[in-house]
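Peer 1: Handing you this structure, nothing more for now.
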Amino acid sequence: MSDLGDQELDGLLTLGDRIVAAAKKGGVSVAECVVRTGAELSTRVRLGAPELVEEAGHRSAGLRVMKNQRVATTSTSDLSASGLERFVRDALELVELAQEDPFAGPADLALLCDSSSCVDLELFDPSGGTVNAAQAIALATEGEAAARAFDSRITNSEGASFGRTAGSVGIVLSSGFRAGYRGSYQSLHVVPIAADEGGKNRRGFHWTAKRFLADMDPPRDVGEEAARRTLRKLGAKTVSTCEVPVIFDPDAARSLLGLFAGCIMGSSIWRKSSYLIGREDTRVASDLVSIIDDPLIARGPGSRPFDGEGLKSRRNVVVEDGTLKMYLCDSYSARKLGRQSTGNASRGGGAGVGPSTTNFILQPGKDEPEAILKSTARGLYVTEMMGFGFNPVTGDFSRGASGFWIERGELAYPVSEVTISLNLNDLWQGIDAVGSDLDLRSSTASPTLRVGRMTVAGGANE
C-alpha cells in the first residue's frame, strides 16, 4: 500500500511498536495497540451567514492486553513519555484484576493480512482532507443559496452544513501484524423550510457524501434537490388506517437495512438478542433480496484493507436470494459460536474489539424506481421514518413515517403523522420489488424497495 510509506503513518506504527514492546515486557502474553491521528471540520451556515465553525485534531492510543485468558483494555490521548508509561501500567494492573474468559484470545495467525495482500482502496483524498473552514463555508453557502433561490415558497432554512474528517490509523499486534492506512470523508447537507397552510413549516433535506471531494454532487444540485423535496411536502395530511403496499426510498430503506445488520452480528447471536438465531441457511427475505458486506470497494465509505484484528478484508455474502448465509463475526463471537471470524472485527479508540459491518449493501435490482411507483395502484411512499420502535429479539417493528400517498401509480399528496408496522421478518419476506438506484453515500446502503403489504395507521379519512 502506498499509504504505508507516509511519514505520519510510519510515526504511528513506530509508536505502536513501543507500546506493544512495553506491554510485553510487563509480562502479558498478548499486546495489541491501535494508534490514531486525525482532524475534523464542521461548518454550518444559515440564511447566508456562518453559524458554526468547529475544527479539532486528535491523537490517541488504545491498548488491549491478555494474560492467561484475562483481558483488559485502556486508552489515552496523552502521548508524552510519562503519559504512555502510565497508560501501559494501567493496562497491566487492570489485566490482573480481570476474570478469565475461555473464549478470549488473539485472532488466528493464519488469517492475518500481510503487506502483499493489503490492496490500496483509495481511501484518502488530499483535496478533501485539507478543505479549510473558508472553503467549507463557501460550499455550504452555495448549497443553501441554491435552495433558497429555487422557489419563492422556500421561506426559511435550517441551514446547510459541510463537514470533513481525515486521519490515519495504525495497528500493531504482538503476533507480528503491523499496518495502517489513511482515510478521508466529507459531506454536505442542505435543509430548507417552506411555509404551509395553518402556519406549519415543512422541512425537507438532501445530502451528498463521498471519500473524494470531486465525487460529491455539486452544491447547487444538492440545494435544488433539497428545495424540491421540501416543496413536495406542502399540504401534507394523514390517512385512515389501512393495509397497503409500502415503497421505501433509498434513505428510508437504508434505515431498515441497518436494523437487519444489527441482527446478524455474531455478538447479537451469542447474546440471544436477535430474531435470526438459528436461521442460517433458511429463508429470511424475499428471493429478490441479496445483501453483501464488502470492505473492498474502491473509495467505499466503509472500506478498509484489514479488519480491527488485522485479518484480511473479504467480501461476505450475508443473504443470497433471500437465504441467510452467515452471521458476521469477530474472533471472539466466532469462538462463542464455534466458527471462524468473517473478518468483521472493529476496534474502537479504546482498543476494545467487536463485530461490525463495512459496506453493508442490499444489491440493486433491475426495476427503475419510477417503474416500481407506476406499478403500485395504491399505497404509501416513505421518505422519512421517526422513532425507535424495533425489538430485535422478536422482530416487531413500528415507526412513525412521512412521505406520499400513492394513487394509480402516482404520488397523489404528501402524508405525515402516520405509523407503519410489521414484524421485520415478514417485512423482508414481503419485499416484491427492488430498485436499481443504489447510491453508496454511506456505508449502509439500499436502493428503493417495496413491501407488498404493511399496516399504515393514521388518524383521519383520506
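Peer 1: When you scan segment 209-278 for helices (runs of 4 or more DSSP H) that lie fully inside it, which ones turn up with 1 or more residues that are farther than 29 Å from GLU407 by Cα and outside the structural domain of ALA194 (by TED's automatic domain parsing)?
Peer 2: Here the list reads 250-263, 266-270.
Peer 1: Among the residues of segment 139-146, are any of a type in the set (D, E, K, R), more than 30 Å from GLY308 (Cβ to Cβ), buried (at least 23 other Cβ atoms within 10 Å of the Cβ) and at pLDDT 95 or above?
Peer 2: yes
Peer 1: Just one of (1) over 20 Å from GLY308 (Cα atoms); (2) at pLDDT 95 or above trips up GLN7, so point out which.
Peer 2: Only one criterion in (1) over 20 Å from GLY308 (Cα atoms); (2) at pLDDT 95 or above is unmet by GLN7, namely (2).
Peer 1: Of these, ALA23, ALA110, which one is modelled with pLDDT under 95 and either in a strand (DSSP E or B) or farther than 30 Å from GLN186 by Cα (or both)? If you could, list the steps in order and put the result at the bottom.
Peer 2: Details: ALA23 fails: modelled with pLDDT under 95.
Just one listed residue meets the conditions, ALA110.
Peer 1: Taking only segment 334-373 into account, find how many residues are closer than 12 Å to GLY266 by Cβ and among the aliphatic types (A, V, I, L, M).
Peer 2: 4
Peer 1: State which residue pairs qualify: first residue over 13 Å from GLY395 (Cα atoms) and inside segment 267-278, second residue at pLDDT 95 or above and basic (Lys, Arg) in any location, beta carbons under 7 Å apart, and separation of 6 or more residues or different chains.
Peer 2: The qualifying pairs are TRP270/LYS336.
Peer 1: Among (1) surrounded by fewer than 16 Cβ atoms within 10 Å (Cβ to Cβ); (2) more than 28 Å from the chain's Cα centre (by Cα); (3) within 24 Å of THR342 (Cα to Cα), there is one condition VAL65 misses while meeting the rest; what is its number?
Peer 2: (1)
Peer 1: Take segment 279-324 and flag every residue that is within 22 Å of LEU438 (Cα to Cα) and without any contact (Cβ under 8 Å) to a residue 60 or more places away in the chain. Talk me through it step by step, then tell me what you get.
Peer 2: Kept after step one, since they are within 22 Å of LEU438 (Cα to Cα), are these residues of segment 279-324: 284-304, 314-324.
Result: ASP287, ARG314, ARG315, ASN316, VAL317, VAL318, VAL319, GLU320, ASP321, THR323.
Peer 1: If ASP396 meets every condition in (1) out of contact with any strand residue (DSSP E or B) (no Cβ under 6 Å at 6 or more places or on another chain); (2) surrounded by 22 or more Cβ atoms within 10 Å (Cβ to Cβ) apart from one, which number is that one?
Peer 2: Of (1) out of contact with any strand residue (DSSP E or B) (no Cβ under 6 Å at 6 or more places or on another chain); (2) surrounded by 22 or more Cβ atoms within 10 Å (Cβ to Cβ), only one is false for ASP396: (2).
Peer 1: For the subset of segment 410-458 comprising residues that are surrounded by fewer than 17 Cβ atoms within 10 Å (Cβ to Cβ) and polar (S, T, N, Q), which member is farthest from ALA209 (Cα to Cα)?
Peer 2: Step by step, filter segment 410-458, then rank; the result is THR455.
Peer 1: Next up: When you go through (1) in contact (Cβ under 8 Å) with a residue 40 or more places away in the chain; (2) surrounded by 15 or more Cβ atoms within 10 Å (Cβ to Cβ) one by one for ARG59, which number turns out not to apply?
Peer 2: Just one mismatch for ARG59, condition (1).
Peer 1: Then there is this: Tell me whether segment 79-101 contains one or more residues that are under 28 Å from the mean Cα position of the chain (by Cα) and not in a loop (DSSP other than H, G, I, E, B).
Peer 2: So far as segment 79-101 goes, no, none of its residues is under 28 Å from the mean Cα position of the chain (by Cα) and not in a loop (DSSP other than H, G, I, E, B).
Peer 1: Here is a follow-up. Pick from segment 287-313 the residues that are out of contact with any Lys or Arg (no Cβ under 8 Å at 6 or more places or on another chain) and not in a loop (DSSP other than H, G, I, E, B): which of them is surrounded by the most Cβ atoms within 10 Å (Cβ to Cβ)?
Peer 2: The extreme case among them is ILE291.
Peer 1: While we're looking at this one, here's another question. Among the residues of segment 349-373, write down those that are closer than 23 Å to VAL317 by Cβ, in contact with a Ser or Thr (Cβ under 7 Å, 6 or more places away or on another chain) and not basic (Lys, Arg).
Peer 2: Scanning segment 349-373 gives GLY354, PRO355, SER356, THR357, THR358, ASN359, PHE360, LEU362, GLN363, PRO364, GLY365, ASP367.
Peer 1: Can you find a residue in segment 191-206 that is in contact with a helix residue (DSSP H, G or I) (Cβ under 6 Å, 6 or more places away or on another chain), surrounded by fewer than 21 Cβ atoms within 10 Å (Cβ to Cβ) and among the hydrophobic types (A, V, I, L, M, F, W, C)?
Peer 2: Within segment 191-206 (the criterion being in contact with a helix residue (DSSP H, G or I) (Cβ under 6 Å, 6 or more places away or on another chain), surrounded by fewer than 21 Cβ atoms within 10 Å (Cβ to Cβ) and among the hydrophobic types (A, V, I, L, M, F, W, C)), the answer is yes, since at least one residue qualifies.
Peer 1: Could you please find all residues in segment 230-249 being crowded, with 21+ Cβ neighbours inside 10 Å and out of contact with any Ser or Thr (no Cβ under 6 Å at 6 or more places or on another chain)?
Peer 2: Correct list: THR230, LYS233, VAL246, ILE247, PHE248.
The values are calculated or read from the model by the stated rules, or taken from the named source; none is laboratory data. Remember, it's a predicted structure, so these values are computed and weren't measured experimentally. Cβ coordinates were reconstructed from backbone atoms using ideal geometry, including for glycine residues, and neighbour counts include every protein chain displayed.
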